[in-house]
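Okay, so here's the structure we're looking at.
Derivation of every value follows stated rules applied to the coordinates shown; laboratory data play no part. The structure displayed is predicted, hence computed values, not measured ones. Every residue, glycine as well, gets a Cβ built from its backbone with ideal geometry; the counts of neighbours run over all protein chains shown.
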Amino acid sequence: MEPDGKISLLRHGQSEPDEAGDEGEDLTQPGRGVRAQNRRQKLFFLLGTIFLTILIAGGVRYYRHAARPIQIAAGPAGSLEYRFAEKFAELVKTNATDVRLSIIADESSAAATSRFGRGDADLGFVRTDQKVPGSARALALIEHFAFLLIVPKGSKVANLGDLRGKKVAFVTSEGGAEALFRSILTASQVEPDRITLQPMPGDTAIDSLFGRDQFQAAIVFASLSALAETKRFERQTKIEVKAIEGSKALERKVAGTTSETIQAGLLSTNPKIPDDDLETVGVQEFITVRRRLSSTIVAELAGILLENKTALGIDNSFATRIEPPDTDKDAFIVAHQGVSDYTDNEVKSFLDRYSDLFYIGTSVLGILGSLSAAIYTAVTRVKPLEPAQYADQVLEINDRVATATTSLDLDEAERELDIVLRQVLIGLKHGNVSTRGLDGFRLAYEHAHTAIAARRQRIAERPVISRVSEA
């Protein structure tokens, strides 16, 4: 609004067309009006939207393809579990696109299990006779362990009860095995104190145990992989291998124990040991994951384990027959849902997993887009003036025309009316003035222009009337 009450649509740097030379100004010159300003704002808004979309898409892609580090508690460096973890980590690096497995070494297997139980590692190794953390879920069954009763050929020792008062060699390299065996003796109603157990290294030669009546029997605790590979029972014709009887009952009485089958000829083919399948007591070892680990990651890890199991065995004496875990809900260590998805061939694709999220996201983005458009229209968009807003200016000119007494006054009013018309035309060209209400402005302009012509005629006729009156 100008100081004299006139409305002006001219931008900064444009002069008022009040000089005679302005009347010939070229209206085709490009202007910086509302329309141009709105076009710039729309362009900036579009570029900002594209940039934000690229940023979000890039963030999603980075999240999808960024390698996620997970950790496995593997016990002492150089142990069978640690060496297994090294092979597994290399396979994960080769076959997984978004997972990297790092190994944590501990001073003992118990310390590694404790670390996993605290949640300081994502994967761990758990034997069923150990305390199983509540957050542990089975990823794969990697090894079976079994107890075997070894006696000289012709011995009257047939079961655990016959070991009372005997000196027995306890041959194993596995930690915690002696305490587990004492629990088995107690559950079998055999007093552990009545048996003299002598711990022996796991690689002790079997035939050397019974020379000179050194031992009346031996208990061997080892993995089935090691028992099948070491060939320590080959050509052993002076011994008998017996099972720990009542394995099914012991499985219920002693937590963590399982019934294991020693297949005929597994220990030796010459002579065939055992002659028939033996059902004995043992335990199992699992590689476990935390319950809260993503099912997608777990399914991928399970696939790598089960599809590359021949590459994960350690010296043919550990983890040579990796199996999927029991997926029943009453299993001793419940399988992770990701393992169930893999074994049931129900691994979902990216679109399957996030279809609901996409649907909701599309709806939300649609609402946000509508809100953004409304906010843009209400806040950022510059609205053009209505032609009716010039009505006061035209009416003021019309009032002055009605009281004009000289032609000079009418010339001034006509010049101002032309300026208003020029402003409207320039505003229409640049988008500063809307086309709505243009008919009303045209009527007002024509009325004022007609009033000027009529008033000019009356002023011109006034001297003639005066002379006629005097005559």
Which of the pairs LYS253/LYS309; LYS131/LYS156; LYS131/LYS153; LYS166/LYS309; LYS131/LYS329 have their Cα atoms more than 30 Å apart in this structure? LYS253/LYS309; LYS131/LYS156; LYS131/LYS153; LYS166/LYS309
Burial-style ranking of 277-288, 176-187, 143-154, average other-beta-carbon count within 10 Å with highest first, yields 277-288, 143-154, 176-187
If you average the C-alpha positions of segment 141-176 and of segment 70-134 separately, how far apart do those two centres end up, in angstrom? 30 Å
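Compute and list, largest first, the equivalent-ellipsoid semi-axes of segment 143-284 from the alpha carbon gyration tensor, each √(5λ) rounded to a whole angstrom.
Numbers: eigenvalues 85, 67, 38 Å².
Taking √(5λ) for each eigenvalue gives 21, 18, 14 Å, largest first.
Rank-order 89-96, 395-402 by packing density, defined as the average count of other C-beta atoms within 10 Å over each peptide's residues, highest first. Please report the intermediate quantities before stating the final value.
Values: 89-96: 15.2, 395-402: 17.1.
The most tightly packed comes first, giving 395-402, 89-96.
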Dividing the alpha-carbon radius of gyration of segment 175-244 by 2.2 N^0.38 Å, where N counts its residues, gives 1.19
Phi-based couplings in Hz for segment 312-328 (Karplus 6.51, -1.76, 1.60; Gly and Pro marked x): 9, x, 9, 6, 6, 10, 7, 6, 8, 9, 6, 10, x, x, 5, 8, 5
So how do ASP120, ASP129 line up by other beta-carbon neighbours within 10 Å, fewest first? ASP120, ASP129
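Stretched out fully, how many nm does the piece from GLU90 to ARG252 gain, at 0.36 nm a residue minus the Cα gap? If you can, show how the numbers build up before the last one.
Numbers: separation 162, 0.36 × 162 = 58.32 nm, distance 3.87 nm.
Taking GLU90 through ARG252 to full extension adds about 54.4 nm, to one decimal.
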